[in-house]
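**Student:** Okay, handing you the structure first.
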Amino acid sequence: MHEGHEQMFRRRFFVSTLLSIPVLLYSETLQAWLGFSVPAFPGSEWINPVFAVVVFAYGGVPFLEMAVPELEDRTPGMMTLISMAITVAFVYSLASVVVPTASTFFWELVTLIDIMLLGHWIEMRSVRRASSALDELARLLPDTAERITDDGDTEEVPVSELSEGDLVLVHPGANVPADGVVEEGDSDVNESMITGESRPVSKDPGDEVIGGTINGDGSLRVRISATGDETTLAGIMRLVEEAQESESQTQQLADRAAGWLFYVALVVAVVTAIAWTVAVSFGATVVERVVTVLVIACPHALGLAIPLVVAINTSLAARNGMLIRDRIAMERARELDTIVFDKTGTLTRGEQGVVDVATVGDVDEDEALSLAAAVEGDSEHMIAQAVHEAAADRQIDAPRASDFEALKGRGVRGTVDGDTVHVGGPNLLSHLDADVPSELATFAERAGANAQTVVYLVREGTPVAAFALADVVREESYQVVDALHELDVEVAMLTGDSEDVAHAVADELGIDTVFAEVLPGDKDEKVTELQEQGKLVGMVGDGVNDAPALTRADVGIAIGSGTDVAVQSADIILVQNNPMDVVRLVKLSTASYRKMQENLAWAAGYNVLALPLAAGVLAPVGILLSPAVGALLMSLSTVIVAINAQFLRRVDLDLPSLPGVSPTPEAQPAG
């Protein structure tokens, strides 16, 4: 809808502005003010009325059409006020062609229409928002599945044809086609897109799998337990749809101001008509006074007061790594008193990193990392990636390994400088029947208490080192929590991870409220719980599982490197993947809202001055606002609003100026 309105306002603005040029050139008032003249020719006296009629029919009628719902709902707003002003100016000016009067409003009419078209074009461009979150969710499911027949063969069928009880084959790296239970095979399944779990989840016979998740290295035979609307993914989609539909329709500030002005203008017009009729009897003078009141009640400035700030706000936000998809949400950001962060991929990097190393004997940490990196050289497992990154950070060159072999469910093996080296978890030690030295056992217990994963380095059958791995907290997360606390904003965290992992991160960052082991539907419910406590809630996330909560929140904020679904479900996207941009958002929202208020005050100030003068309250002392002077004041108000909006560009969003910012600490493990 917004995109269609944007194109309509844009097209009509350019055409109407072009058609307005002759009206401005042949306006006697403008010629007198600016000291120019244009050649007259037979019929030139019809230029103003003819072109004004065309501009009104093409550029003005849409406002009349959009005013109808406001009048039907008995909630007059901007469209009603604009429609009243241009209709009165149009009718009076046409009447002046038949019955000559002291003045006409042709040039005021076309410029008013042009300015309002420009303002609404800018506004529609700023608030346009795509709603493709549900389509993005649907794309997680594959189009086809390999169903196993009764005779053991496989057949490719559309996912829509799967039924409960069907047995399907899920190849390594493929998406699970529907919810089900593993009957045969073992593999690690990436469920982070659905559950928020940061680590791939091991799946063995009897374990449940969720449609849309990504299978790891092993093949799985899955017995389908739910299809279509009964799947977990379909449930998430329903939550997204419900949350989208339940969003409140907050009225815009300018609409409320326009509604007030509409009633004020009508009251002033009635009082003016009665007072002048009593004073001079009804006639052309009374009509001119009433028309002047109704026309100048709609200042150009009011049509631009909000859109100009929105346009500058959107530009500033984009230059600072924020894309604004919903202007109303941007305005609400300044009022947030609780901001909820997803853990994995938002407060943390969403990837495993080596956070501690323990060694025994004559093996030091660098040698342990060198050997582990050598053996893991041909592996693409997340543990291998963490070891490689740790070795690279220490600028350690790993030797070449030979005879590499992946041990399913246990780890990897290779030969380095003639020694057989293994890397793996506790299952590897059981397989090798290796005794763990007391130093490494103590290290493993401490790491386990901090919800860290431990892998061992075994050389020639003897464990010589252990590595603790965890999801690493972003450096910016420390700053953002401190900054939000300084702004008196409560910080909460939602995650599908275990209580131990969640509280380890929360304690590290100083987070106020923790929701752990939360399923997708519960994330949505947790946001609703906070809202029911009277809190204005912002949600920051990056995964599919965050989509319902993002749309349910008063302000949904997506990390730009997250999934397309999260991005499409959010009101604001942090392109730079930096949680600190949440603080920038709050600061920019506050500054923008202040400018909107100032601009509305200027627009209202124009009316406070112009309406009484147009009504003739100072006529007894010889001061009477003519239509021409009213138009001049209208233009001056517009210029002031435009200049004031430009001052928004001075807002400082650099890190040193943000609240709570201190020297950046070193990245710490999530536990």
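The values are calculated or read from the model by the stated rules, or taken from the named source; none is laboratory data. Just so you know, these numbers come straight off a predicted model, no measurement behind them. Backbone-built Cβ (ideal geometry, glycine too); neighbour counts: all protein chains shown. Note: accessible area is taken over every heavy atom of the protein model, side chains too, but ligands, DNA and RNA are not part of it. Shrake-Rupley method; radii C 1.70, N 1.55, O 1.52, S 1.80 Å.
Let's see how each residue does on (1) crowded, with 23+ Cβ neighbours inside 10 Å; (2) of a type outside the set (A, V, I, L, M); (3) at pLDDT below 75; (4) within 17 Å of the chain's Cα centre (by Cα):
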{"site": "N313", "(1), (2), (3), (4)": "yes, yes, no, yes"}
{"site": "L316", "(1), (2), (3), (4)": "no, no, no, yes"}
{"site": "R319", "(1), (2), (3), (4)": "no, yes, yes, yes"}
{"site": "M322", "(1), (2), (3), (4)": "yes, no, no, yes"}
{"site": "I328", "(1), (2), (3), (4)": "no, no, no, yes"}
{"site": "R332", "(1), (2), (3), (4)": "no, yes, no, yes"}
{"site": "L336", "(1), (2), (3), (4)": "yes, no, no, yes"}
{"site": "I339", "(1), (2), (3), (4)": "yes, no, no, yes"}
{"site": "G350", "(1), (2), (3), (4)": "no, yes, yes, no"}
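**Student:** Out of the residues in the stretch 484-541 that are under 17 Å from V586 (Cβ atoms) and among the acidic types (D, E), state the one that is surrounded by the fewest Cβ atoms within 10 Å (Cβ to Cβ).
**Tutor:** D488
**Student:** Which residue is surrounded by the fewest Cβ atoms within 10 Å (Cβ to Cβ), if the candidates are limited to the stretch 355-367 and must be among the aliphatic types (A, V, I, L, M) and closer than 13 Å to T462 by Cβ?
**Tutor:** Once the filter is applied, the top-ranked residue is V363.
**Student:** Now a separate question. Of the conditions (1) under 37 Å from the mean Cα position of the chain (by Cα); (2) open to solvent by 60 Å² or more (accessible area, probe 1.4 Å), E6 satisfies every one except a single condition; which number is it?
**Tutor:** (2)
**Student:** With respect to the numbered conditions (1) assigned to a strand (DSSP E or B); (2) surrounded by 12 or more Cβ atoms within 10 Å (Cβ to Cβ), which one is the sole condition not fulfilled by D403?
**Tutor:** Among (1) assigned to a strand (DSSP E or B); (2) surrounded by 12 or more Cβ atoms within 10 Å (Cβ to Cβ), D403 violates only (2).
**Student:** Check off (1) at pLDDT below 90; (2) among the polar types (S, T, N, Q); (3) open to solvent by 20 Å² or more (accessible area, probe 1.4 Å) for S477 and give me the number that stays unchecked.
**Tutor:** All conditions are met except number (3).
**Student:** Output the residues belonging to the stretch 414-461 that are modelled with pLDDT of 90 or more, surrounded by 14 or more Cβ atoms within 10 Å (Cβ to Cβ) and among the polar types (S, T, N, Q).
**Tutor:** Residues satisfying the conditions are T415, T420.
**Student:** In the stretch 72-90, which residues are within 32 Å of the chain's Cα centre (by Cα), crowded, with 24+ Cβ neighbours inside 10 Å and polar (S, T, N, Q)?
**Tutor:** Within the stretch 72-90, T80 is the sole residue that qualifies.
**Student:** Under 24 Å from I573 (Cα atoms) and modelled with pLDDT of 85 or more, is that true of G556?
**Tutor:** Values: under 24 Å from I573 (Cα atoms): yes; modelled with pLDDT of 85 or more: yes.
Criteria met by G556.
**Student:** What single numbered condition from (1) open to solvent by 20 Å² or more (accessible area, probe 1.4 Å); (2) at pLDDT 75 or above fails to hold for A234?
**Tutor:** Tallying (1) open to solvent by 20 Å² or more (accessible area, probe 1.4 Å); (2) at pLDDT 75 or above, A234 fails exactly one: (1).
**Student:** Can you tell me how many residues within the stretch 146-181 are at negative phi, within 38 Å of the chain's Cα centre (by Cα) and open to solvent by 40 Å² or more (accessible area, probe 1.4 Å)?
**Tutor:** 10
**Student:** Now a separate question. Against the condition on the phi > 0 side of the Ramachandran plot and either open to solvent by 10 Å² or more (accessible area, probe 1.4 Å) or part of a helix (DSSP H, G or I) (or both), how does G377 come out, does it pass?
**Tutor:** It is false that G377 is on the phi > 0 side of the Ramachandran plot and either open to solvent by 10 Å² or more (accessible area, probe 1.4 Å) or part of a helix (DSSP H, G or I) (or both).
**Student:** Filter the stretch 406-446 down to the residues that are in a strand (DSSP E or B), of a type in the set (D, E, K, R) and in contact (Cβ under 8 Å) with a residue 40 or more places away in the chain and list them by number.
**Tutor:** D419
**Student:** Among the residues of the stretch 182-193 satisfying the criterion of being open to solvent by less than 50 Å² (accessible area, probe 1.4 Å) and not in a loop (DSSP other than H, G, I, E, B), which is nearest to P142 (Cα to Cα)?
**Tutor:** The qualifying residue nearest to P142 (Cα to Cα) is V189.
**Student:** If I filter the stretch 42-71 down to residues being open to solvent by less than 40 Å² (accessible area, probe 1.4 Å) and among the aromatic types (F, W, Y), which single residue comes out as nearest to M116 (Cα to Cα)?
**Tutor:** Selected residue: F63.
Every residue, every condition in (1) at pLDDT 90 or above; (2) farther than 26 Å from S569 by Cα; (3) not small (G, A, S), yes or no:
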residue: A130; (1), (2), (3): no, no, no
residue: A133; (1), (2), (3): no, no, no
residue: E136; (1), (2), (3): no, no, yes
residue: A145; (1), (2), (3): yes, yes, no
residue: I148; (1), (2), (3): yes, yes, yes
residue: G152; (1), (2), (3): no, yes, no
residue: P158; (1), (2), (3): yes, yes, yes
residue: L162; (1), (2), (3): yes, yes, yes
residue: H171; (1), (2), (3): yes, yes, yes
